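Report on the following structure.
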Amino acid sequence: MTKEDFDKAAKLSHLSFEEGEKESFIKDMTDILAFADTLCEFDVSEHERMKMPKTPLDDDEKSSQSYSELICQSKKSDGTYIIVPCAID
Amino acid sequence: MKKLTHLSVKELCHGYSNKEFSPSEVAKAYLDKIHQDDGKIGAYITVNENISIKEQSKSLLFGIPYCAKDNILTKGLRTTCASKMLENFIPPYSASVYEKLESCGAILLGKTNMDEFAMGSTTENSAIKVTKNPLNTLYSPGGSSGGSAASVAGFEAAFSLGSDTGGSVCQPASFCGVVGLKPTYGLVSRYGLVGFAPSLDQIGVITRNVYDSALVLSEIAFHDKKDSTSALIKEKDYTKGIEKGVCGLRIGVISDFLSDGANTEITNAVKSAAVLFEKLGASVEEVSIPVLKHACSAYLILSSSEAYSTLSRYDGLRFGYSQDTDISLDELYTLTRSSGFGAEVKRRLLSGSVFLSQEYFEKYYRTAERVRFSIIDSYNKIFEKYDILLSPVSPNAAGKLGSSPKNTIERLLGDRYTCCANLAYLPSMAVPFTKTSDNLPVGVLMTAPKFCEDTLLCAGFALECENRGDFV
């Protein structure tokens, strides 16, 4: 695994690493990918990719919950709106 | 006379019905034992000091003290997953399994140590503490349910609950000389089990003997509508017929696992178990399942990919550890996860991000999926001819603490026998069989078709009765 590939994987995972520890993780990731590559020796042509079921379960139509029921179920509300933690300033 | 803490679940039931002792006496005996010895073993993360004895119930588990792996949610009682990320997390709801055991009147003694988020095989990845093998405290109890296995082997609980994604119940049970049962996927509710890889995870049972496993399974195996993967099964008594023996049972010994570099003492144990089964009237043959050679790499890809998704919820916003500083949302996510997770968890997340990335999704994830189907097909064909498959649990017995291989793949290959059952949704059980020349326990692993736990328990019971080894 290259350093660029590692940095991309780290960004996707929402992880950051000190420069010192990157080398050890890059080595681990290289070993992991090499091991994963052994799977390519196996002939999968007989096995189809996973498909969605042809006949999904019948839709069971139910009426929506009322606005007041939804407000009551929320963790925190002011009676009119659901209150959520402020995440962005 | 046996100490109260040394009685099996069955013996405790008899004692209660004959009024030889009471649940509060037994619970006190266990708590005293934990306070006295757990400092040396380190099985428990949280001890439940607020035990209350419920009203008498008809369940055979009434008054039976147990512990649960610390990834099983217990409302009001800290659940950490042995991670800094959930160090002070108090769950607002309980796992269905815990609620069921509460309704039975079983007594929760506490929550046990584990590898962080169930990722590991020695319990040394815990961010909280190290657990030692009660049989020899220089050695690891295995993992990731190491605390659960150590608590039962160290007489700090009559039984324990663990979770098994790739061997995390069976392997530590084998390392600690106790019985570990991983049920069929869907037999035991996963509602309230903190996820690692949802298509592989299953709550399992660790006990000192096979009969006790059957007793506990009878209570925790039920259909749970809160778990969308819960099997539509009727509850049953798994102790019925457990003593019928193995005469006529068709047993296949997986030959591929006897010639892939496992320790000789381990492979000899499996061969001796096969001979014992033959002596008891089973027909035993060697069988080869070549695709199982690829099970470990498929397991690595699928479990890491699922973990990448499952652990994305730990973002420092809604619950758990958070880097509470004046930073952007993206920095909050990254700093929280980087300081909240340990190294092994990070490795799995990084792997998962690669396996699921657009560039590599077809090459890795889709291929692993298809290998999984091939494994399932192979097992289905094999189980037309055999009732039980026999194999080693692990290529080696317990290792010394701190001596885990530095190489990630070598560590992962320790799961190569146990992960097969998880990939194929099958039940498996580790039963202690012998000891190594270093006096460490060695178990044998039995795998059965889906929902054939009674066959598994019957075979395990027969093996245990005939073998009569002294493991704990």
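The values are calculated or read from the model by the stated rules, or taken from the named source; none is laboratory data. Not measured: the values here are computed from a predicted model. Quick reminder, even Gly has a Cβ in these numbers, built from the backbone with ideal geometry, and neighbours come from all protein chains shown.
Quick notes
- Residue count for the stretch B:1-29 satisfying the condition of being of a type in the set (D, E, K, R), touching a helix residue (DSSP H, G or I) at 6+ places or on another chain (Cβ under 8 Å), in a helix (DSSP H, G or I) and within 18 Å of B:TYR211 (Cβ to Cβ): 1.
- Among the residues of the stretch B:378-395, the ones that are of a type in the set (S, T, N, Q), within 18 Å of the chain's Cα centre (by Cα) and farther than 19 Å from B:ALA459 by Cα come to 1 in all.
- Checked against (1) buried (at least 24 other Cβ atoms within 10 Å of the Cβ); (2) out of contact with any Asp or Glu (no Cβ under 6 Å at 6 or more places or on another chain); (3) under 30 Å from B:SER57 (Cβ atoms), B:GLU102 passes all but condition (1).
- Test result for B:LYS381, more than 9 Å from chain A (Cβ to nearest Cβ) and either at pLDDT below 95 or closer than 27 Å to B:VAL169 by Cβ (or both): yes
- In the stretch B:36-87, the residue that is farthest from B:PHE196 (Cα to Cα) out of those that are without any contact (Cβ under 8 Å) to a residue 24 or more places away in the chain and part of a loop (DSSP other than H, G, I, E, B) is B:LYS58.
- Complete set of residues in the stretch B:164-212 that are over 20 Å from B:PHE117 (Cβ atoms), assigned to a strand (DSSP E or B) and polar (S, T, N, Q): B:THR207
- The criterion of being over 22 Å from the mean Cα position of the chain (by Cα), within 11 Å of another protein chain (Cβ to nearest Cβ) and either at pLDDT 90 or above or crowded, with 17+ Cβ neighbours inside 10 Å (or both) holds for B:TYR333.
- Tally of residues being polar (S, T, N, Q) and more than 7 Å from chain B (Cβ to nearest Cβ) across the stretch A:25-40: 1
- Residues (under 20 Å from B:TYR364 (Cα atoms) and without any contact (Cβ under 8 Å) to a residue 60 or more places away in the chain) located in the stretch B:305-333: B:TYR308, B:SER309
- Matching option when the condition is within 30 Å of B:GLY281 (Cα to Cα) and either in a helix (DSSP H, G or I) or touching a helix residue (DSSP H, G or I) at 6+ places or on another chain (Cβ under 6 Å) (or both), among B:TYR386, B:TYR379, B:TYR364: B:TYR379
- The stretch B:408-423, residues that are aliphatic (A, V, I, L, M) and away from chain A (no Cβ under 13 Å): B:ALA421
- Qualifying residue in the stretch B:344-359 (condition: surrounded by 17 or more Cβ atoms within 10 Å (Cβ to Cβ), of a type in the set (A, V, I, L, M), more than 10 Å from chain A (Cβ to nearest Cβ) and in a helix (DSSP H, G or I)): no
- Hey, A:SER13 at pLDDT 90 or above, in contact with a Gly (Cβ under 9 Å, 6 or more places away or on another chain), under 30 Å from B:VAL345 (Cβ atoms) and not hydrophobic (A, V, I, L, M, F, W, C) or not: yes
- Filtering the stretch A:1-24 to residues that are among the small types (Gly, Ala, Ser) and either within 8 Å of chain B (Cβ to nearest Cβ) or crowded, with 16+ Cβ neighbours inside 10 Å (or both) leaves A:ALA9, A:ALA10, A:SER13, A:SER16.
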